[in-house]
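The values are calculated or read from the model by the stated rules, or taken from the named source; none is laboratory data. Since we're looking at a predicted model, the values are computed, not measured. Cβ sites come from the backbone with ideal geometry, for glycine too, and all protein chains shown count toward neighbours. Each accessible area value is taken on the protein alone, full model and side chains, heavy atoms only, with ligands, DNA and RNA left out. Shrake-Rupley method; radii C 1.70, N 1.55, O 1.52, S 1.80 Å.
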Amino acid sequence: MKLEPIVLSLLDTDLYKFNMDQVIFHKHTDLCGEYYFRCRNEDVVFTQEMFEEINAQIDHLCTLRFTREELDYLRSIRFIKNDYVEFLRLWHPIRDYVQTRLSERGGLHIAVKGPLFSAMQFEIYLLEIVNEVYFRMKYDYAALRASAEEKLNQKIRDFQSGKYTFRFAEFGCRRRLSREWEDVVVRRLTSETSNCVGTSNVYLAMKYGLKPIGTYAHEYVQMYQGIDSIPLAYTNHYAMEDWYNEYKGDNGTALTDTITTDLFLLDFNRSMVNNFTGVRHDSGDPFAWGEKMIAHYQKYNADTKTKQLLFSDGLDFNTAQALYEQFRDRINVSFGIGTFLSNDTCERALNIVIKLQTVNGRAVAKLSDTPGKAMCRDAEYLEYLKRSVAFRLDREKE
């Protein structure tokens, strides 16, 4: 079964890839990284036919280049700088950076190795490819598509009826059923409701005249663990400092949980509270996290009505509505919703990730506020990072 090309544009990715890459381009071109694929679902088997199709799709991806229209669109985003756009005019995905292997039991192994400014761009494209190949080749795609449409119709009716009143952005690139289906989801949610304020997918934002939404991901903070001169427990500080110096308060939503939110708050001081417009939740109890963040803002006498809580951890609409009702009168609340929109079908969605694991030959890791989300290929390093975090938390506790 031969599929049509899945990725047709290098803009078919999340905005935060360009945001992070611009900082790397300006400040850290000496960093090299290794990314590894992981499927968190149990008993998922990739066939030889799927494996061959995934490789063919990666081959096609590496033939793509940014078009003039796409570069002009990136240039129109207020915080994307012209020198970085000119770099992208020259950049393209390099096939030699991606290695794939299929185990005897059908386990899919993907590694991306290369200069960080280039290797990091593969993540979303590869996840889009793997997910669509898997669902088109394992199931009756027409049946999946029909079930997804039925569920989307109900979601739209629930917004139109006033059952749900919160506003959100579509964050569904990485685990979408297909490129075609994410396009339908974004078009219908933005045209048939007033609740969808934009999308993380830069191509769809350009296509439909929407706001592209995103700041940075865990890998951005993780990469500072690979810089020799930076103490492990202070990586949030250096990451936020570089981010502010790059964007001067624009594009300012900080991700709190890369090496736990409690440690993040030690570096989210009065200056950073003022410099960043909000914070993003991606692990742990979202209700407890929201209360903790409001208390932190109040500690510095910040006007919470000028700040935002962005929730993005595996949300469905009922959870988002409950969070909105708890916090809406005290602080601005927004949501990034992904798989529940782009791959909500009659079959279980894949929970697949591609995570940064080494920088300049040194192990790096994400701890998060949910222990099961930790991912590191070096168990000894992971324990060392945990001890470093615990030491600083104990030393600086109030």
### Query
Which cross-chain or sequence-distant (5 or more) residues have an amide H under 5 Å from the amide H of residue 198, H modelled 1.01 Å from N in plane?
170
### Query
Considering only protein heavy atoms and a 1.4 Å probe, what is the carbon-and-sulfur percentage of the accessible area of the range 240-398?
45
### Query
Does the range 97-221 come out rounded, prolate or oblate, given a ≥ b ≥ c as the square roots of the eigenvalues of its C-alpha gyration tensor, rounded meaning a/c under 1.5 and, failing that, prolate meaning a/b above b/c?
oblate
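Roughly speaking, what is the stretch gain from residue 230 to residue 78, that is 0.36 nm per residue apart minus the C-alpha to C-alpha distance, in nm to one decimal?
On the way: separation 152, 0.36 × 152 = 54.72 nm, distance 3.05 nm.
So the chain would gain 51.7 nm between residue 230 and residue 78.
Restricting to Cα pairs below 8 Å that are 6+ residues apart, what does the relative contact order work out to for the chain? Please round to a whole percent. Don't skip to the end; give the middle numbers.
Working: 659 pairs, mean separation 87.8, N = 398.
Relative contact order for the chain comes out at 22 percent.
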## Note on the structure
Computed ³J(HN,Hα) along the range 373-387: with the Karplus parameters 6.51/-1.76/1.60, θ = phi - 60°, integer Hz and x for glycine or proline, the list is 8, 4, 9, 7, 7, 10, 4, 5, 5, 4, 5, 5, 4, 4, 5
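At a Förster distance of 30 Å, what's the computed FRET efficiency of residue 104 paired with residue 288, Cβ-Cβ distance as r, to 0.05? Don't skip to the answer; put the middle values down first.
Numbers: r = 44 Å, r/R0 = 1.45.
It comes to 0.10.
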### Message
Classify the range 218-356 from the C-alpha gyration tensor, please: rounded if a/c falls under 1.5, else prolate or oblate depending on whether a/b exceeds b/c.
### Response
oblate
### Cα gyration tensor shape for the range 320-398, rounded if a/c is under 1.5, else prolate or oblate
oblate
### Task
Can you work out the accessible area per residue across the chain, with the rest of the protein chains kept in place, probe 1.4 Å, in square angstrom?
41
#### Entry: Listed residue (367, 345, 332) projecting farthest to the positive dipole end of the range 332-398, Cβ model
367
### Query
Taking the alpha-carbon centroid of each part, what is the distance from the range 25-52 to the range 154-228 in angstrom?
22
### Query
Most fluctuating residue of 354, 124, 77 in a GNM of the chain with Cα springs under 10 Å: which is it?
77
### Task
Figure the gain on full extension for residue 270 and residue 295 (residue separation times 0.36 nm, minus the Cα-Cα span) and round it to one decimal in nm.
7.7 nm
### Task
Check the straight Cα-Cα distances from residue 151 and name the lysines below 17 Å, setting aside those fewer than 8 residues away within the same chain.
163
### Message
Output wanted: per-residue J couplings in Hz (rounded whole) for the range 337-350, from phi through Karplus 6.51 cos²θ - 1.76 cosθ + 1.60, θ = phi - 60°, x for Gly and Pro.
### Response
10, x, 4, 4, 9, 8, 8, 9, 10, 6, 10, 5, 6, 7
### Query
Roughly how many percent of the accessible protein surface of the range 104-177 is carbon and sulfur, given a 1.4 Å probe and a whole-percent answer?
45
### Query
Taking R0 as 30 Å, what's the FRET efficiency between residue 137 and residue 360 from their Cβ-Cβ distance, rounded to 0.05?
0.20
### Residues residue 165 and residue 346, FRET efficiency given R0 of 30 Å [Cβ-Cβ distance, rounded to 0.05]
0.60
### Query
Which residues' amide hydrogens lie under 5 Å from the amide hydrogen of residue 366, considering only partners 5 or more residues apart or on another chain, with H built in the peptide plane?
375
#### Entry: In sequence order, calculated HN-Hα J values of the range 264-271 (Karplus, 6.51, -1.76, 1.60; Hz; x Gly/Pro)
3, 5, 5, 9, 7, 7, 4, 4
### Task
Considering only protein heavy atoms, with the full assembly of protein chains and a 1.4 angstrom probe, order 39, 346 by accessible area, largest first.
346, 39
### Query
Once label points are set 7 Å from the Cα along Cα→Cβ at both residue 322 and residue 305, what is their separation, rounded to one decimal in nm?
2.9
### Task
Would you calculate the separation in nanometres between label points at residue 394 and residue 27, each defined as 7 Å from the Cα along the Cα-to-beta-carbon direction?
3.1
### Task
Would you mind checking the pairs 17/373; 305/355; 207/366; 2/211; 155/248; 373/397 and listing those with alpha carbons more than 30 angstrom apart?
305/355; 207/366; 2/211; 155/248
### Summary
Computed from every Cα-Cα pair in the range 58-108, P(r) in 5 Å bins starting at 0 and rounded to whole percents is 5, 17, 19, 15, 14, 10, 6, 7, 5, 1
### Summary
quick note, the chain, DSSP beta bridge pairs, % antiparallel (nearest 5) is 50
### Message
With +1 assigned to the C-beta of every Lys and Arg and -1 to the C-beta of every Asp and Glu, and no other charges, what is the dipole magnitude of the range 134-242 about the Cα centre in debye, to the nearest 20?
### Response
580
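Per the 1.4 Å probe, what fraction of the accessible area of the range 1-80, in percent, lies on carbon and sulfur atoms?
On the way: 1760 of 3620 Å².
Reported share for carbon and sulfur atoms: 49 percent.
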